[in-house]
Structures are given as structure tokens and as C-alpha cells.
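Novice: For reference, the structure I am asking about is given below.
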Amino acid sequence: MINEILIKEGFHRNKEQLFLSFEYDSKLRYLLKNIGDASWSQTHNSWYIKNSEKILTAVKQELEPLGIRLIQSDEYVGTKPPEETTGKKFPAL
């Protein structure tokens, strides 16, 4: 199993999302789909979850015992809708 996941903020499907980048791992994919309701974005070639502190906390709690670290990236995925600001901030890692 991998030991790091890169997390980027982004906008996809008209919502703020957190994009999770990691080498393919079927167990990790299954875990993220079941805990964080992760979906695959063919457009961004990445898994994504709702930008929610509650979901991110649940994902972290499952990954930490497995020795998987979450690494925050400053890169933003996609584009924000024009004239709209969400006011959301990146959940604390």
C-alpha cells in the first residue's frame, strides 16, 4: 500500500472539492469510496471528495493507522465559477 496522498483544493461539478492524488491501489480506492464517498474525475485524472472537514477527518482517521500521510498542495484544480466566492478554506490537516 502507498504511504502518501497529495491533496489539492479545487472546483468540480459546481462544488468545492478536495482532489486526492496517489498511485493506484485497489484497497485504498475501495477505502476512499466507502469512507469519503470519493469519485473519480476523468477530467482531472484524480479522485475527489467533498471539501468538508468532517469527511476529511473521517478519511484521516482511517488512513493514519495504515501509515498513510496526507500532504497538502497549494495547487488549485479547475476554475472557480465567475463572480462567486465560496469563502471555504482548506480543512486543517
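Just so you know, all these numbers are worked out from the coordinates, no wet-lab data involved. All of these numbers come straight from a predicted model, not from anything done at the bench. Every residue, glycine among them, receives a Cβ derived from its backbone with ideal geometry; neighbour counts consider all protein chains shown.
Novice: Can you give me the distance in nm between label points at Gln61 and Asn45, each placed 7 Å from the Cα along the Cα-to-Cβ direction?
Specialist: Here the answer is 3.5 nm between the modelled labels.
Novice: Related question: Over 18 Å between Cα atoms, which of Lys50/Lys80; Lys27/Lys50; Lys15/Lys60; Lys27/Lys54; Lys60/Lys80 qualify? Please report the intermediate quantities before stating the final value.
Specialist: On the way: Lys50/Lys80 15 Å; Lys27/Lys50 20 Å; Lys15/Lys60 21 Å; Lys27/Lys54 22 Å; Lys60/Lys80 26 Å.
With Cα atoms farther than 18 Å apart: Lys27/Lys50; Lys15/Lys60; Lys27/Lys54; Lys60/Lys80.
Novice: Ok, one more. With a Förster radius of 35 Å, plug the Cβ-Cβ distance of Lys80 and Lys33 into 1/(1 + (r/R0)^6) and report the FRET value to the nearest 0.05.
Specialist: Numbers: r = 26 Å, r/R0 = 0.75.
Once rounded, the FRET efficiency stands at 0.85.
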